[in-house]
Amino acid sequence: MPSVKIPKKSTNVDMTPFVDVAFLILTFFIMATKFKPPEPVQVTTPKSVSTTELPESNAILITIDKESKVYFTVLSEKDKSIFTSIISDLNTSKNLGLTDAEKANYSKTYLVGVSFAQLKQLLDLPPEQQKSLKQPGIPVDTTGGELTYWIQAAKSAFAGQSLKYMVKGDNDSKYPAFKYVIEALKKNDQYKYNLITSLEDAPAGTELYKERHRTK
Amino acid sequence: MAQIEGGGDSGGHKKGPGVKKAKKLSTRVDMTPMVDLGFLLITFFIFTTTMSSPKAMNLNMPKDTKNQDELNKAKESGALTIMLGKDNGVYYYEGQLAPDGSNFKTATFKTIRDEIISKRQDVMKNHVHDSNCEKLKEDAKKAGDPNWETADLDRDFVVVIKPDQDATYRNTVDMLDEMTINDVKRYAMVDITPQEYQVVQATEKTLGK
């Protein structure tokens, strides 16, 4: 019996170009991605026209969050002994009474935002749990406050090496906090700082805009 | 194609005895799982990626000194004082603040740039040549400044930035950035005086801030 053949159309679509594009994009994102270090404190930095790259290591990062609380971070990728040296220094000079385990824990602590009195409590916690602890910020005032001693300790630990001072402030933090941070740095005879900002174009028609377009 | 063994010719065509038809294997692979995975990874990387890497802005502060001789003197004619207040408020005056506050003016972050530029041009126009000018030009030439011939003209132009207690960090950085944008060579960040703070607060009150 002759049967009428219904032509079977394939439901398969050629997905090759689709896959090509998908993997191209994937490759791009893999290349472009740079994982950010864990940020226990959320800070939105202001914008500036500055194009200088940030130092990655051998730097001190002072963070000011949006409630104008101050945090202290030491960035030292290669030399972990810096951390030990800083914390031992402070332990002796400030009589903190830290145990060896607590001192060792400091090198894993990303940032410190507590006064010396509370430091023991912070370092008792493993690094993963430190995030959950609400840190009140390092006390600062018109004379620099406790931040001065942190900088001092770091400065002597980094003695002989280049050391950059970075200030990362939140958009909404108040000016006095920034002023006190500068005061603390000045107390340590440090007058050059890097303010962390995100990039913005030079506005058209201004001096800087003209200069940048002339050199290009 | 290079297959010798066939699976028997049940396929219909009869080419003759002994001729075995090569079985065609489809070269198509089902790519759906691969695409799924690909897009999953894309999504992941899109979410985790940070496109703009942070930049550093250099800030140099002067050393505190008690010695009056070491202080940089700013000529009154070339000074522009900018105060930053609450809610992105910008206030400025030229030279010295008049006791009655008559030269105290209000601006915004948009208009302050024009004020800086016009003040700068003003200073450049009223420039008086003296012996230091040539040295300034020489230095600028050595430093590779393409505008070295006019480097001495804005020598007296100084911007003093005075953020008050209510100013935010963003305002401060924006103003410092404005110095870079407008190529202001001499500027300083100073604490606001009580008198100025009073005027700023009074102005803020009238503006309803």
Problem - A:THR109 being assigned to a loop (DSSP other than H, G, I, E, B), of a type outside the set (Phe, Trp, Tyr) and either crowded, with 22+ Cβ neighbours inside 10 Å or facing another protein chain (nearest Cβ under 10 Å) (or both) - result: no
Fill in the blank from the handout: Residues of the range A:1-45 being at pLDDT 80 or above and either in contact with a Ser or Thr (Cβ under 7 Å, 6 or more places away or on another chain) or among the aliphatic types (A, V, I, L, M) (or both), in sequence order, are A:ILE6, A:VAL19, A:VAL21, A:ALA22, A:LEU24, A:ILE25, A:LEU26, A:PHE29, A:ILE30, A:MET31, A:VAL43, A:THR45
Fill in the blank from the handout: Output for Cβ contacts, cut-off 8 Å, separation at least six or different chains, first residue over 11 Å from A:ASP124 (Cβ atoms) in the range A:98-112, second small (Gly, Ala, Ser), reads A:LYS103/A:SER88
Practice task
Answer yes if at least one residue in the range B:133-155 is polar (S, T, N, Q), within 13 Å of another protein chain (Cβ to nearest Cβ) and in contact with a Lys or Arg (Cβ under 8 Å, 6 or more places away or on another chain), and no otherwise.
Solution key: no
Practice task
Filter the range B:52-75 down to residues that are modelled with pLDDT under 75 and surrounded by 10 or more Cβ atoms within 10 Å (Cβ to Cβ) and give me whichever is nearest to the other protein chains (Cβ to nearest Cβ).
Solution key: B:SER53
Handout entry: Qualifying residues in the range B:175-184 (those that are of a type in the set (D, E, K, R) and out of contact with any strand residue (DSSP E or B) (no Cβ under 8 Å at 6 or more places or on another chain)) - the one farthest from the other protein chains (Cβ to nearest Cβ)
Key = B:GLU178
Problem - Counted residues, the range A:174-189 - those being within 16 Å of A:ASP141 (Cβ to Cβ) and either more than 7 Å from every other protein chain (Cβ to nearest Cβ) or not in a helix (DSSP H, G or I) (or both) - result: 10
Practice task
May I ask you to say which residue of A:LEU61, A:LEU75 is more than 10 Å from chain B (Cβ to nearest Cβ), surrounded by fewer than 20 Cβ atoms within 10 Å (Cβ to Cβ), touching a Ser or Thr at 6+ places or on another chain (Cβ under 7 Å) and under 26 Å from A:GLY144 (Cα atoms)?
Solution key: A:LEU75
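The values are calculated or read from the model by the stated rules, or taken from the named source; none is laboratory data. Since we're looking at a predicted model, the values are computed, not measured. Note that each Cβ is placed from the backbone with ideal geometry, even for glycine, and that neighbours are counted across all protein chains shown.
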